[in-house]
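The values are calculated or read from the model by the stated rules, or taken from the named source; none is laboratory data. The shown structure was predicted, so the numbers you read here are calculated from the model rather than taken from an experiment. Counting neighbours? That spans all protein chains shown, and the Cβs are built from the backbone with ideal geometry, glycine included.
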Amino acid sequence: MNHHYQLKIISLKEVAMGLFRLVFQSPQLANESKPGQFLMVDCNVGIASTENLFLRRPLAVHRTNIKEGQLSILFQVVGKGTLALSKATAGDVIDVIGPLGKPIEIDSSVENIVFVSGGLGIASLTALMDVASERNLKITLLSGARNSYRLYPTQLLPEGVIEMTATDDGSAGIRAPITHLVSQVQENADIIYACGPLPMLEALSQMRTDGMLAVDTIGLLESQMACGIGLCKGCVVDTDSGTKLICVDGPAFNLREVIWESQYTP
Ligand SMILES: Cc1cc2nc3c(=O)[nH]c(=O)nc-3n(C[C@H](O)[C@H](O)[C@H](O)COP(=O)(O)OP(=O)(O)OC[C@H]3O[C@@H](n4cnc5c(N)ncnc54)[C@H](O)[C@@H]3O)c2cc1C
Ligand code: FES
């Protein structure tokens, strides 16, 4: 069930270079939102409200704190909508619809999880890591970014996470694509959850097909979204079991089932 909410901003902080975390007060939405879900955010907020951004922007539920009645989103400025959000201030009110998309549930048999984050992928994975941490599962996070300044701060990660990093310039961890670390840690993993740029997800899918990954990899897909609720058909993805919509059937898909060519056609 999704709802329309007017959310009051509690805080906005740049937690890493160009990476902003917005915390909202909303006990009901915090309670309803599950890992893997997202919000459709009206970015007409604060000083940029004169811009009139017609379409809402999809942003993942980054984390929830049910005790405090709060939830947060984490975003990078890439265009007008996210720029407007980055200029909001505490006390501003944002209009959102959510939670949307299918929640991800960790199977009760799972004991050891590898998370693979490329760039902003961490925004969608952290809520699931929080759940895994509460269940005392073994969590390995492979975190990739352009450079060390753009990595999500380690001190904000849930308790018990073992983190390995890779950066494009070698300023943190190894200098390589993050997928290079997967083979080192996958041995005892029960499942892999991944979020990041399309080429990273496709590379993981190919590794699974080639037998280089022994376990299923669930990837959170992104696309531009006009409605977020299955009406505009603008977010299709072809899979082995037919055409799906990322907004209602996903965003999480078993990467082995995705037909990648469909993702690159405009
Ligand atoms: C389910 C879902 C969850 C998402 N979660 C997050 C999140 O937690 N944090 C975050 O920072 N971003 C997230 N995104 C991506 C985010 O929606 C876009 O970055 C945002 O809509 C851009 O809006 P804008 O007005 O700032 O930029 P625009 O002016 O709309 O676009 C700027 C540039 O970004 C490109 N772009 C826009 N949307 C996307 C997209 N979805 N994928 C790839 N390229 C895009 C445009 O083609 C353009 O080149 C998510 C997307 C989806 C579908
Ligand atoms: S965004 Fe409209 S159908 Fe998915």
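Check 100, 12 and return the single one that is within 13 Å of ligand 1 (Cβ to nearest atom), more than 16 Å from residue 131 (Cβ to Cβ) and either of a type in the set (A, V, I, L, M) or outside the structural domain of residue 157 (by TED's automatic domain parsing) (or both).
100
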Restricted to region 175-209, and to residues that are under 16 Å from residue 256 (Cα atoms) and without any contact (Cβ under 8 Å) to a residue 40 or more places away in the chain, which residue is surrounded by the fewest Cβ atoms within 10 Å (Cβ to Cβ)?
199
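Could you check region 23-94 for strands (runs of 3 or more DSSP E) lying wholly inside it with 1 or more residues that are more than 17 Å from the chain's Cα centre (by Cα) and more than 23 Å from residue 120 (Cα to Cα)? Break it down into steps so the answer makes sense when it comes.
Numbers: elements: 38-41, 57-60, 63-65, 70-76.
In region 23-94, there are no strands (runs of 3 or more DSSP E) which contain 1 or more residues that are more than 17 Å from the chain's Cα centre (by Cα) and more than 23 Å from residue 120 (Cα to Cα).
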Which of the helices (runs of 4 or more DSSP H) found entirely inside region 182-264 contain at least 2 residues meeting this: hydroxyl-bearing (Ser, Thr, Tyr)?
198-209, 261-264
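To keep it simple, each residue is scored yes or no on (1) modelled with pLDDT of 90 or more; (2) touching a helix residue (DSSP H, G or I) at 6+ places or on another chain (Cβ under 7 Å); (3) within 13 Å of ligand 1 (Cβ to nearest atom).
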{"site": "194", "(1), (2), (3)": "yes, yes, no"}
{"site": "197", "(1), (2), (3)": "yes, yes, yes"}
{"site": "201", "(1), (2), (3)": "yes, yes, yes"}
{"site": "210", "(1), (2), (3)": "no, no, no"}
{"site": "214", "(1), (2), (3)": "no, no, no"}
{"site": "223", "(1), (2), (3)": "yes, yes, yes"}
Please verify whether region 167-174 includes one or more residues that are out of contact with any strand residue (DSSP E or B) (no Cβ under 9 Å at 6 or more places or on another chain), part of a loop (DSSP other than H, G, I, E, B) and touching a residue at least 60 places away in the same chain (Cβ under 8 Å).
no
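One line per residue, one yes/no per condition, for (1) away from ligand 1 (no atom under 12 Å from the Cβ); (2) at pLDDT 95 or above; (3) touching a Leu at 6+ places or on another chain (Cβ under 8 Å):
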residue: 234; (1), (2), (3): no, no, no
residue: 238; (1), (2), (3): yes, no, no
residue: 244; (1), (2), (3): yes, yes, no
residue: 247; (1), (2), (3): no, yes, yes
residue: 262; (1), (2), (3): yes, no, no
residue: 266; (1), (2), (3): no, no, no
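Mind checking whether some residue in region 257-265 is under 18 Å from residue 61 (Cα atoms) and within 16 Å of ligand 2 (Cβ to nearest atom)?
First pass over region 257-265, keeping only residues under 18 Å from residue 61 (Cα atoms): none.
No, region 257-265 contains no residue that is under 18 Å from residue 61 (Cα atoms) and within 16 Å of ligand 2 (Cβ to nearest atom).
Residue by residue, here is whether (1) of a type in the set (S, T, N, Q); (2) within 16 Å of ligand 2 (Cβ to nearest atom); (3) at pLDDT below 95 holds:
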{"site": "49", "(1), (2), (3)": "yes, no, yes"}
{"site": "58", "(1), (2), (3)": "no, yes, no"}
{"site": "101", "(1), (2), (3)": "no, yes, no"}
{"site": "106", "(1), (2), (3)": "no, no, no"}
{"site": "123", "(1), (2), (3)": "no, no, no"}
